[in-house]
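Novice: My structure is below; once you've seen it, I'll send some questions.
Values in this text are rule-based calculations from the coordinates and carry no lab data. Model, not experiment: these values are computed from the prediction. Don't worry about glycine lacking a Cβ; one is built from the backbone with ideal geometry, like all the others, and counts go over all protein chains shown.
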Amino acid sequence: MSSYSLEELESWDVKISEIAKNFGLDWYPIAYETCDYFEMIGNMSYHGMPSFRPHWSFGKSFERTHTMYNSGQEGLPYELIINSNPSIAYLMLENSLYLQILIMAHCIGHSDFFKNNRTFKDTDAEHVTLRFRSARGRIQSYIEDPSIGIDKVEELIDACHSIQYQIDRRGRYRKTEDELLALFYEDEKNIEKIKNNKIKFPLEPEFDILLFLLENCKSLRDWEKDIIEIIRSESYYFFPQIRTKVMNEGWASFWHYRILNNLDLADEHHLPFLKTHNLVLRPWIGALNPYHLGFEIFKKIERERGIEECFLAREIHNDESFLMQYLDQELAAELNLFTYSMKGRKDADWTIDDLSDEEGWQECKSAVINSVAGNSIPIIFVEEVVGNVLILKHEHDGRDLDLNYADNCVKNIKKIWKNPVKLFTIIEEEDFEVS
Amino acid sequence: MSIFREHKTSADRSASDRARHKKKIEKAIREGITDIIAEESIIGHDGNKKIKIPVRGIKEWQFVYGDNEGQKKAGAAPGNDISQGQVVRKGKQDQGSGSGNKPGNDKGEEVYEVEISLEELAEYLFDSLQLPDLEKKKLKTILSDRTKKHGVKTKGIRPRLDKKRSAVERIKRKAAVTRDAADNNEEVEEEEAFPFHDNDLRYSNIKNKPKEATNAVIFFMMDVSGSMTRDVKFIARSFFFLLYQFIRYKYEKTEIVFIAHTTEAFETDEGRFFSRSESGGTYISTASKLALEIISKRYHQSAWNIYAFHCTDGDNWPEDNDKAADTLFELSEVSQMTSYTEIIIPGTSPAWQSDIEKNALISKIKSKNGEKLKINRLTSAQDVWQVFRALFGGEI
């Protein structure tokens, strides 16, 4: 199938690792698994996890990925590595040798990022594959349980997927209900409320909707609670990757570039490597290429402040703070960032609004930040429970929700809560209720 | 130091989830199928051939932002030759949508292709469907005894003598005698012939194994006169495709005979069957007549399960109607199922044909009361699936 052997890959890996170590990278050991194209697409559908819970949406993801790769893909072709220790990574056998070398160098960057970036510190990389495997086993048993069965399991999972990323992404310290009550009573403003028995439940908005349902839904059976907790903990595991996509791809690209240039490759490998590198890192019109953005920022940091600061940045930032800190007018102009919109007209052409000149670059920066770090996922929280009605609120940041989707999500939440659910949001600057 | 492992298992980890997904979009696939299958060649593919069907997949409901016409999105350009007001993406008014690379969060119109193998197609489209009840009855009576050799025995009749085995036994005996002689230091006489002994002889053991017929032959018959438009043939082709896949799914071996006709019938191949357009009138009876001839020559009904499907646009020379009904009935009597299907796209039937005339043939066929003779009407590609299911006992 290929013109190189596993031994050759291993010897390249030794060289790559040596260079990476000398540069100061510090990564989880990597376990590479070779596979063919279909296995690769399969693995991608399950986010690279060796074991994953069953659901039709992963079947759909397979079909979509397969279609996409058939028609020309985005990003680095066929790179897949997971946040685990050891980091499991996949090498597709159809890749030519130069691509495998590139991917291996790229993976080291990712693994170093997973190990060192503090957004990942609570993801328990040592045990994640076991957790996922165990979750799979339990869900499989519910599916096979004649008193439950696949339809009920699927319905619950579909519903949980609707609010999968409405979690507490700020990772604030969670006060207990008692602590909150104590604080509540301390505040003089609340005396009236206490007198009239108008203590809101929950006292503070709850951003982790699945947790709220878990703790407050009276009718949940054990298997339902288990599934909700499985999906919830999965979200907390994956969210750091969503929050740091730009940095992570930039970091991995930064190092694959450095490492490969240090490998002294023969032309037959070096030239296609450069070609692929440029292809992967080219700016996409009308969208942001995280590889491009991240790579350019790390290059800028190294240029202006030295490599040490690069290492520090990769440790302490997430995409939002990273861009806030380092995206200045000069870089914005260098990257030819712009904003575009429909100018308030429905179904109109999308045209450019701001350029990265003195006037417009701040707008550009805002728009970029709005699209990274999970900022394109709306924040919905539990505001209050009144009687048996669950009241949710959308933390409106200027962007309206898609009503059709919101409607269906609320329907799904009702399936779990089993009582009325209302969502308050703003549509076209007016208060709006979805119920 | 990295570890390198070769992926060992051949299990397809996504198989079950993909199957479940396909089940959920069954309806979308069925709708997508009628568009695709008319393009597909009917015969000559094994079960592993894949058909790509574009589907609008099931939406996964999550909270997402709407179009937000006022909201600004960020982009980057390869060069600085951009200016305010420049169009980045055409709006929906122009029927165009964004260029290739969209970020993963774009909820867009999710149209993607689902690959289905013919096996899978058959499995969940046809699983709940049955061959006509009569078929099961027939199967029990179409039994031909098959004789099969099963080992040897020492006694038997002359015609069953297994000469080869007998010869082997003789050689064995000769070798034993020679050894014996050598042991006893006797002279071994070189004999010219070492005759057969009764004990050498071996006879074939015969077992009777009743064989069920698992062969099907399908007669696809179609009017190819000038009145048959491309659209009508398109619908016929979709219908034939499903019929073929279904019957093939149920039988081990399926053959097809294509019979095209105008005022005369002729056997032909798939390509010409669908593309040839003849001029002239139509005698529907000629098709069934030819089918009956072919059956008597090549596909005897005791060995073959026969299916016949005739598609026309209902346009027959009136003087042929009686004969058409007769021959169709005759054909149905030797088959498991014969179906006469009229494909009439609303608004396109010839103006000179009165309503009475249109129904004349159908009335005659109905009056035959053939148990195995079915009558269908198709008006569009969407009907195909309904009619098909009705034929084989599924709910509509």
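Novice: With a/c under 1.5 counting as rounded, go ahead and sort the range A:68-182 into rounded, prolate or oblate using the C-alpha gyration tensor (a ≥ b ≥ c being the square roots of the eigenvalues; past the cut-off, prolate if a/b is larger than b/c, else oblate).
Specialist: Note, shape of the range A:68-182 comes out oblate.
Novice: Could you state the angle between the C-alpha long axis of helix A:245-262 and the longest principal axis of the C-alpha atoms of chain A, as a value from 0 to 90 degrees rounded to the nearest 10?
Specialist: Roughly 10 degrees between the two axes.
Novice: Rounded to the nearest 500, what is the protein assembly as shown's calculated 222 nm mean residue ellipticity when only DSSP H runs of at least 4 contribute -39500 (n - 2.57) each, over all residues?
Specialist: -14500 deg cm²/dmol
Novice: Using only the Cα atoms of the protein assembly as shown, what do you get for the radius of gyration and for Dmax, in Å?
Specialist: 36.7, 131
Novice: Enter the mean number of other protein chain beta carbons within 10 Å of the beta carbon of each residue in A:62-70, as an integer.
Specialist: 5
Novice: Return the Cα extents of the range A:149-257 along principal axes one, two and three, sorted largest first, each rounded to a whole Å.
Specialist: 65, 43, 17
Novice: Work out the mean other chain Cβ neighbour count within 10 Å for the residues of A:275-287 and drop it here as an integer.
Specialist: Across the residues of A:275-287, the mean count of other-chain Cβ atoms within 10 Å is 4.
Novice: Sequence neighbours fewer than 8 away in the same chain don't count; with that in mind, list the aspartates and glutamates whose C-alpha is under 15 Å from B:K52.
Specialist: A:E63, B:E26, B:E31, B:D35, B:E39, B:E40, B:E113, B:E115, B:E119, B:E120
Novice: Here's a follow-up. Give the distance, in whole Å, between the Cα centre of the range A:55-114 and the Cα centre of the range A:387-406.
Specialist: 35
Novice: To continue, here is another question. How large are Rg and Dmax for chain A when only the alpha carbon atoms are used, in Å?
Specialist: 24.1, 81
Novice: Another question about this same structure. How much FRET efficiency would the formula 1/(1 + (r/R0)^6) give for A:K193 and A:K225, where r is the Cβ-Cβ distance and R0 is 30 Å, rounded to 0.05? All intermediate terms of the calculation are to be shown ahead of the outcome.
Specialist: Details: r = 32 Å, r/R0 = 1.06.
Efficiency computed from Cβ-Cβ geometry: 0.40.
Novice: Among A:312-321, A:118-127, how do they line up from the highest to the lowest mean number of other beta-carbon atoms within 10 Å?
Specialist: Numbers: A:312-321: 19.0, A:118-127: 15.3.
Put in order of decreasing packing, that is A:312-321, A:118-127.
Novice: Same structure again: Within a 10 angstrom radius of each residue's Cβ in A:253-259, how many Cβ atoms of other chains show up on average? Whole number is fine.
Specialist: 0
Novice: Which peptide among A:238-251, B:157-170 comes first, and what is the full order, when sorted by highest mean count of other Cβ atoms within 10 Å?
Specialist: Going from most to least packed, we get A:238-251, B:157-170.
Novice: Please compute the length gained on full extension between B:S279 and B:N369, using 0.36 nm multiplied by the number of residues separating them and subtracting their Cα-Cα distance. Intermediate values should be presented prior to the final figure.
Specialist: On the way: separation 90, 0.36 × 90 = 32.40 nm, distance 3.28 nm.
Using 0.36 nm per residue and subtracting the Cα-Cα distance, I get 29.1 nm.
Novice: Can you check what the Kirkwood hydrodynamic radius comes to for the range A:291-423, Cα pairs only, in Å to one decimal? It would help to have the intermediate numbers written out before the result.
Specialist: Numbers: mean 1/r = 0.0558 Å⁻¹.
By the Kirkwood definition, the hydrodynamic radius is 17.9 Å.
Novice: Could you work out the Rg to Rh ratio of the range B:240-292, with Rh taken as the Kirkwood radius (inverse of the mean 1/r over all Cα pairs)?
Specialist: Rg/Rh: 1.04.
Novice: Return the subset of A:K245/A:K300; A:K365/A:K422; B:K289/B:K372 for which the Cα-Cα distance in this structure is over 23 Å, preserving the input order.
Specialist: A:K365/A:K422
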